[in-house]
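Notes follow the structure.
The values are calculated or read from the model by the stated rules, or taken from the named source; none is laboratory data. Values in this document were obtained by computation on a predicted structure and should not be read as measured data. Because the Cβ atoms are built from the backbone with ideal geometry, glycine has one as well, and the counts that use them run over all protein chains shown. For accessibility, only protein heavy atoms count, side chains too; no ligands or nucleic acids. Shrake-Rupley method; radii C 1.70, N 1.55, O 1.52, S 1.80 Å.
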Amino acid sequence: MTHAIELRDLHKHFGRNEVLKGIDLAVEPGQVVCVIGPSGSGKSTLLRCVNLLEQPTRGKVFVSGVEVTDPDVDIDAIRRHIGMVFQQFNLFPHMTALQNVMIAQQRVLKRGRREAEVVARENLDKVGVGAKCDALPGQLSGGQQQRVAIARALAMNPDLMLFDEPTSALDPELVGDVLTVMRKLAEEGMTMLVVTHEMGFAREVADRVVFMDGGVVVEDGEPAQVIGDPRQERTRAFLHRVLHPEE
Amino acid sequence: MADQPKTAEPARARLSPRKKQQISRGIQYVVLIVALVAVVLYADWGSLAQNFAKPEVAGAALPELFTVALRNTIIYAVGGFIFSFVAGLVLALMRLSQVRPYRWIAIVYIEIFRGLPALLIFLLIVFLPLALPGFEVPFGTYGQGILGLGLVGSAYQAEVFRAGLQAVPKGQTEAARSLGMSATRAQVTVVIPQAVRMVIPPTTNQFVALLKDSSLVLFLGVSGEYVELAKFGNDLASEHANATPIMVAGLTYLLVTIPLGYLASRLEGRKGRNR
């Protein structure tokens, strides 16, 4: 069986700063993998290498068996199948929620206006912002914006979804709505790679949790084990800081 | 002064800041009144009115003031504006291009045409037929005027667009690319529309600048139907040996530029609220 995502000896340098120091990681179809770790550990960079928003310095990335890092590959065609959700939502501010979800369907998938609108409304309903179709992003709360962003990605019928700290920019009371949508997606069998600080979500929803630190994967296993009973001292220290921030 | 002990002369109360401010304001009023009185007393109002605001001469400007002169000013300005809008956007995209020679060309163009006086460009345009035998700018004087205004305006507009394009967050391009849009598609669909919206206020100001610079068409040696406001006022002023037509032309400029200025600042305010 081909992996949904496979990273082989992935390295990424920013100038002299080595952010990823040889990552090997595979995500199977239908799996939900949460990547946790301290800030600066390279988790977001790893995620961004999967759809080549960052060009890896060395190593290979495969998505559904296709080598993304092959210079001859049509990266736009591959990205169509990979949904991505950003920390800062990155909705297009000059378009309504509905237009945000329609535009790539029309311009990239060449769907007709009517079809794109039907798909957009379906997905906006699904993430619980169907009533906000005509609102501009600036008129929506952070939680609503992030759900529109999820709908925008889903409307492309992606094979897998990348989440880059999707709740980190949200007010605490809005985090739940977004996590609920992500949980629903996971239950539907979507393949998901999620960079997150939400330990509760990782523990309950993820099939696997990957702990990164200093540009390497330190620990990789079942959530109950990695979060509940970490083997590595670094994982233990990190989790202690996250779960008991005031000590 | 500074090293004087603070206790020296405690009896002489310092002026309070408020008192100082009152005195300062009083002085300003006195200066203003003296200046006004001087102007009123020494100006020869009769002669001024005769030379700058003579109703009969002003009347002679109508209706051509509007039907010919203002119309032509607007033709030159709008033509030059369209030219500079399109060329400015292209130059801004070149300026930010990954392809180095494009960047160089754009930089050289922008630096030259922003650095030269607009008048000089117009003087050069007059000599264009000599430099390029057989070449003629289309649409006669209209074409020449629009070319001159466009060449200069596009250099400024390019910088306006560059600021706008750079102000669109990188995340916008990333979101567009992650949806499978090509780099070009992302620019056209996501980045440029946002940049254009952001630069509407400075672009309005650019249009006002072009409207005023259209007076330089005077140096193209135009006549008759091509005459714009400044030239029109100047010709009429020579004819009557009286400056009133120039004043009238000036008022006509203000009729357009002041509302546009207000419009620009209102657009600016709205942008601030919406973001």
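Results, tabulated for the structure shown:
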read-out: Cα-projected label distance for A:ARG114 with B:ILE27, points at 7 Å along beta-carbon direction, nm; value: 7.9
read-out: Sites B:LEU96 and B:LEU123, calculated FRET efficiency, Cβ-Cβ separation with R0 35 Å, nearest 0.05; value: 0.60
read-out: Ranked by how many other beta carbons lie within 10 Å on average, peptides A:231-241, B:241-251 from highest; value: B:241-251, A:231-241
read-out: Helix-only CD estimate at 222 nm, as mean residue ellipticity for chain A, using -39500 (n - 2.57) per DSSP H run (n ≥ 4); value: -11000 deg cm²/dmol
read-out: Relative contact order [Cα under 8 Å, 6+ residues apart], segment B:107-206, whole percent; value: 29
read-out: Semi-axis lengths (Å, descending) of the ellipsoid that matches the C-alpha gyration tensor of the protein assembly as shown; value: 62, 34, 22
read-out: Long-range Cα-Cα pairs in segment A:135-247 (distance over 19 Å), rounded percent; value: 51
read-out: Taking N as its residue count, the alpha carbon Rg of chain B over 2.2 N^0.38 Å; value: 1.43
read-out: Ranking by accessible area, most exposed first, for B:LEU267, B:LEU91 with a 1.4 Å probe; value: B:LEU267, B:LEU91
read-out: 3J(HN,Hα) from dihedral phi, segment A:32-47, Karplus parametrisation 6.51/-1.76/1.60, rounded to Hz, x for glycine, proline; value: 10, 10, 9, 9, 10, x, x, 5, x, 7, x, 4, 5, 4, 4, 4
read-out: Extension gain from A:ASP125 to A:ARG241, taking 0.36 nm per residue of separation minus the Cα-Cα distance; value: 38.0 nm
read-out: Straight-distance crosslink candidates among lysines, where the alpha carbon sits under 21 Å from B:LYS54 and sequence neighbours closer than 8 are dropped; value: B:LYS231
read-out: Unsatisfied cross-links (Cα-Cα over 21 Å) in the set A:LYS126/A:LYS184; A:LYS21/A:LYS60; A:LYS110/A:LYS184; A:LYS12/A:LYS43; value: A:LYS110/A:LYS184
read-out: Area of A:LEU154 that stays accessible when all protein chains are in place (1.4 Å probe, Å², to 10); value: 10
read-out: Anchor B:LYS19: lysines whose Cα lies under 22 Å away (excluding residues fewer than 8 positions away in-chain); value: B:LYS6
read-out: FRET E, pair B:LEU62, B:LEU267, Förster distance 30 Å, beta-carbon r, rounded to 0.05; value: 0.35
read-out: Overall dimensions of chain A as given by Cα atoms, namely Rg and Dmax in Å; value: 18.0, 57
read-out: Distance (nanometres) between label positions extended 7 Å along Cα→Cβ at B:ARG197 and B:TRP104; value: 3.8
read-out: Segment B:88-165: relative contact order as a whole-number percent, Cα under 8 Å and 6+ apart; value: 50
read-out: Computed [θ] at 222 nm, helices only, for chain B once each DSSP H run of length n ≥ 4 contributes -39500 (n - 2.57); value: -24000 deg cm²/dmol
read-out: Whole-number percent relative contact order across chain B, with pairs defined as alpha carbons under 8 Å at least 6 apart; value: 26
read-out: Segments B:172-181, B:139-148, A:181-190 sorted - mean Cβ within 10 Å per residue, highest first; value: B:172-181, B:139-148, A:181-190
read-out: Sites A:GLU187 and A:ALA26 - FRET efficiency at Förster radius 25 Å, r taken between beta-carbons, to 0.05; value: 0.70
read-out: Cα-based equivalent ellipsoid, segment B:132-275: semi-axes from gyration tensor eigenvalues, Å; value: 40, 21, 8
read-out: Per-residue ³J(HN,Hα) for segment B:147-159, Karplus 6.51 cos²θ - 1.76 cosθ + 1.60, θ = phi - 60°, Hz, x for Gly and Pro; value: 4, x, 5, x, 4, 6, x, 5, 5, 5, 5, 4, 5
read-out: Stokes-Einstein D for segment B:1-153, Kirkwood Rh over Cα pairs, 25 °C, 0.890 mPa s (µm²/s); value: 109
